[in-house]
Amino acid sequence: MLTAWCFAVAFFTPWVVGAPVYWLMRGGRALRGPDWLWVPFIGLAAIVVPLQNVTVYANLPLARSVPWYWAGFGALLTLFIAHPAGRASLRAIPKRVVLLSTTAYLLLGSGALLRGIENYRGQLQSDQFNYVVLAQYLMDEPFGMTWPQIGERPVVAIAMTFKGDRLGQSVLHGFFALTAGRDALEMFFPTIFLLAALSVPAVRLLAPRVGLFGRTAGLSALVCALAPGANILATLSYLSHALFIPVLVAFVAAVGQAARRPRMQVHVCVLFVLGFALYTEFAPLMAGAAGAAALAARLSGRIGWGRAAALVVVPMLALLVNPAACASAAAVAERAGQLGKQIEWGWLPITNVLTAPWSIHTHPSVRWSQLWFPCVCYSLSYVGWVRVWRAGHNVAEFGAVTALMVVPFVLVAVNPSAKYAVWKALSTTAPLFALGVCVLPPARR
């Protein structure tokens, strides 16, 4: 029962929080089926952004702020359910998407489900330890704690070295743990498995824009959510990276829609602020995707230069609503610039780079003769995206996806020694590569 409870809290909380918040964003109008695809991302932003700033600037541990958060949200949820539009929104929940999202979540978390959350500890990688320690620190201690106040608590000292870094993922992690009434260690894997759960609605948002509809779109979303890069990221305990990937895919969908409907700019801003808080180092990917989408839409004559500029500039200005994340950006950027030089991945780096998102063979002993599978996958994916472009499907989305998919190979060309950075870029764009393969068959509505 404990395992089921922890999984349920991590999975359902973004939907529960996001529904009434998105309802308010829509001016009290009932949510329709497609609107629900945005709900978990709105929910994540509604959790991370206010609590991150309260933690940093009000100097309150999450153990004190989260109960008040739930008290205020409880009033909003009551209003949402009591309102006729709120009840109509609940009737419009896309059950198939939620079912597919649950399936992806449980498949990725099958190891923890079989072992039980009390016994499943993964590989206890250094990243897992650091994330758990930081989340527990934010739960129990005031952010402004100084070194003399630590005393004989080495675990707190470890957290102190990371508290100037990005905190979005640890605020969310600690929020889930306090909501479930458990510690940060027990809630680590239910949180990181959201990579698969959130990828389903994210890909489902993008699928109709590239010619996928109905059951085909749902099945494609499930395939992309379980792209082989997902289990590698969960195994390596890269929490920020895992949470960022579905946000990036949803961001691409939002930018594409905003190029046609200016009111969707709000969604672009929310997702940009959320992605920046979760994984500040990869904010340039979002900015680049927005720029490529704006340029593609402008060159095709779909929008003017003013709206094209707004697609790129307005999300960056929206970062002002989360000053706590902006305050750590300089330190994060300085550290991120050295990742490729610090980590070596064996004597066949290209093998690791090419196979990471598409197969389980990431060990340096993999031979060149085994590269046929990832090479075929990448080739088919590019053919699929060219087919999207030739079919005349939304130019803005095509521009954003193309820009993201070339990033890993640009990194290889510019700095072949940055093996780790290249692998991170490939694993980040794995759902887009998988989606390229899914669009190869003729579309069916």
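Structure data summary
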| quantity | calculated |
| --- | --- |
| Helices (runs of 4 or more DSSP H) contained in the range 1-113 and holding at least 2 residues among the hydroxyl-bearing types (Ser, Thr, Tyr) | 2-25, 39-57, 62-82, 95-108 |
| Hey, Phe272 of a type in the set (Phe, Trp, Tyr) and more than 20 Å from Ala430 (Cβ to Cβ) or not | yes |
| Residue match in the range 290-307 (condition: within 30 Å of Gln52 (Cα to Cα) and not hydrophobic (A, V, I, L, M, F, W, C)) | yes |
| Condition broken by Thr55, with the remaining ones in (1) crowded, with 23+ Cβ neighbours inside 10 Å; (2) over 18 Å from the mean Cα position of the chain (by Cα); (3) farther than 15 Å from His173 by Cα; (4) not basic (Lys, Arg) satisfied | (3) |
| Those residues of the range 401-428 which are under 17 Å from Leu239 (Cα atoms) and out of contact with any Pro (no Cβ under 7 Å at 6 or more places or on another chain), in sequence order | Tyr420, Ala421, Trp423, Lys424, Thr428 |
| Qualifying residue in the range 143-158 (condition: out of contact with any Phe, Trp or Tyr (no Cβ under 8 Å at 6 or more places or on another chain), in the same structural domain as Val39 (by TED's automatic domain parsing), on the phi < 0 side of the Ramachandran plot and buried (at least 24 other Cβ atoms within 10 Å of the Cβ)) | no |
| Members of the range 396-426 found to be in contact with a helix residue (DSSP H, G or I) (Cβ under 9 Å, 6 or more places away or on another chain) and at pLDDT 85 or above, listed by number | Ala396, Glu397, Phe398, Gly399, Ala400, Val401, Thr402, Ala403, Leu404, Met405, Val407 |
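The values are calculated or read from the model by the stated rules, or taken from the named source; none is laboratory data. Fair warning: this is a prediction, and the values are worked out from it, not measured in the lab. Positions of Cβ are generated from backbone atoms using ideal geometry, with glycine treated the same way; all protein chains shown enter the neighbour counts.
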